[in-house]
Amino acid sequence: MKYGDDYRKIPMYSKESGKGTEFLPDVYVFVDQIVNVLFIGRPEANSFVIVDTGLYKRSEKIIEAAIERFGAHAKPSAILLTHGHVDHVGTVIDLVEKWNVPVYAAEAELPYLTGQKSYPEPDYTAEGGLVLKTSKFFPRDPIDLENHVQPLPEDGSVPFLPEFKWIPVPGHTEGQTAFFRERDRFLIAADAFVMTKQEDLYSVLTQKKIISGPPRCLTPDWVSAKEAVVKLYNLRPQYAVSGHGYPMSGHELLEGLKDLIDHWEEKALPSHGKFVDDSDHQ
Ligand SMILES: [Zn+2]
């Protein structure tokens, strides 16, 4: 296994970095620098699943968080990846080597997780892209997890999380996946939408909760991206966590999603940039 050749540490921290919060009795949200890492499982149950793995060279922080939540012998049953961007797969090789656990992702994302395909170059000219200037060289070379990563089952079930279904939400990446639990309508939204302002994505989070579209300069397919948000809204989630920003619930969540969909052009779509200019001519 190996990380992408252009992987590097990304020196960006939200003020929430390093904090862990119990959002639901079996959902622990740990903020690694700028991205959420989820631990699904009750602390006393002694089994849990990790969803997404934070940033490159941050495995100690993730392991510390697991120990804090589940005790000294913490070991997950599996790791789920919503997609293969560096801020979601940054420690997965270290974690697999430490714990020897299986990794699952959607089949359509596997080429980006097995060294076969690189993500498109980010569009730094898209609005909101300016804030990425400190990360001008966002790594995009594919990680290679070899046969340690397996496709999520075709029937929509999620290994080790029997109450969940996985839901394809392409747009931000080809094989991005969300996860949903019907019982309490809990949604793991990946980066289909984020719960912070675009301009705060890679810097200091404000206290204000707000729902934004997927990260602008890293999202190549805006038609699918909108369909994905509509699909997730139609599930009528009661609780949601996305890759970036604060967890949200109830009316605030549903109204925020509805508002994002109703004002997609102003609130989500970049007004210019290579990922949208092409479609102007269709
Ligand atoms: Zn992403």
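Per-structure values
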{"quantity": "Difference of contour (0.36 nm per residue) and Cα-Cα distance, residue 77 to residue 227", "calculated": "50.8 nm"}
{"quantity": "Gain in span if fully extended, residue 267 to residue 97, counting 0.36 nm per residue against the direct Cα distance", "calculated": "57.1 nm"}
{"quantity": "Accessible surface ranking that places the most exposed of 262, 32 first, with a 1.4 angstrom probe", "calculated": "262, 32"}
{"quantity": "Long-range tail of P(r) for region 1-139 (Cα pairs > 28 Å, %)", "calculated": "18 percent"}
{"quantity": "Inter-label distance for residue 185 and residue 68, nm, one decimal - labels placed 7 Å from Cα along Cα-to-Cβ", "calculated": "3.1 nm"}
{"quantity": "Accessible surface of the chain, 1.4 Å probe, proportion on carbon and sulfur as whole %", "calculated": "50 percent"}
{"quantity": "Cβ-derived FRET efficiency at R0 51 Å, residue 42 paired with residue 274, nearest 0.05", "calculated": "0.65"}
{"quantity": "Cα-derived Rg to Rh of region 23-95, Kirkwood definition", "calculated": "0.93"}
{"quantity": "Pairs from 61/226; 165/258; 57/274 whose Cα-Cα separation, in the structure shown, is over 28 Å", "calculated": "61/226; 57/274"}
{"quantity": "Residue-by-residue Karplus 3J(HN,Hα) for region 80-87, coefficients 6.51, -1.76, 1.60, Hz, glycine and proline x", "calculated": "10, 10, 6, 6, x, 4, 4, 7"}
{"quantity": "Net charge of Cβ neighbours under 11 Å - reference residue 57; Lys, Arg +1; Asp, Glu -1", "calculated": "+1"}
{"quantity": "For the chain: span of alpha carbons on each principal axis (Å, largest first)", "calculated": "54, 43, 39"}
{"quantity": "Gap separating the Cα centres of region 1-78 and region 226-256, nearest whole Å", "calculated": "21 Å"}
{"quantity": "Paramagnetic label zone (point 7 Å from Cα along Cα-to-C-beta, residue 9; backbone N under 14 Å) in region 19-53", "calculated": "33"}
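The values are calculated or read from the model by the stated rules, or taken from the named source; none is laboratory data. In this text, all values refer to a predicted model and were calculated from it rather than measured experimentally. Please note: Cβ atoms are built from the backbone with ideal geometry, for glycine as well, and neighbour counts cover all protein chains shown. These area figures cover heavy atoms from the full protein model, side chains too; ligands, DNA and RNA do not enter into them. Shrake-Rupley method; radii C 1.70, N 1.55, O 1.52, S 1.80 Å.
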